[in-house]
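What follows is calculated from the coordinates using simple rules that are stated; it is not laboratory data. All values derive from a computational prediction rather than experimental measurement. With ideal geometry, Cβ positions are generated from the backbone for all residues, glycine too; neighbour counts draw on all protein chains shown.
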Amino acid sequence: MRADWNVRAHKAGIRHVSFVVPETVFGQISVQSYSHNVAETNEYEIETSQHRTLQEAKEWLKAAIH
């Protein structure tokens, strides 16, 4: 994702990605890994966030893009 999807997403205008924290540990690790990898790259800038509910995630996205 870091070298392919994120680059294409950034070129398409995506600047924010919001996650609802998964219930499983494996899902949580995946989200944390993705967020860490995005933060560590200098190729593009995508801000990530993690939330407990879908509503919280939507509210963050709305605030981030306005």
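Things worth noting here:
- Using the Karplus relation 6.51 cos²θ - 1.76 cosθ + 1.60 with θ = phi - 60°, the per-residue 3J(HN,Hα) values for the stretch 25-34 come to 4, 5, x, 5, 5, 4, 5, 4, 5, 4 Hz, with x marking Gly and Pro.
- Per residue, the Cα convex hull of the chain amounts to 77 Å³.
- Loop-resident sites, the stretch 28-66, for trypsin sites (Lys or Arg not before Pro), counting at most 13 other Cβ within 10 Å (DSSP): Arg52
- Summarising the label geometry, the points placed 7 Å from Cα in the beta-carbon direction at Thr48 and His66 lie 2.6 nm from one another.
- When GluC sites (Glu not before Pro) are flagged only if DSSP places them in a loop and at most 15 other Cβ atoms lie within 10 Å, the longest unflagged stretch of the chain comes out as 1-22.
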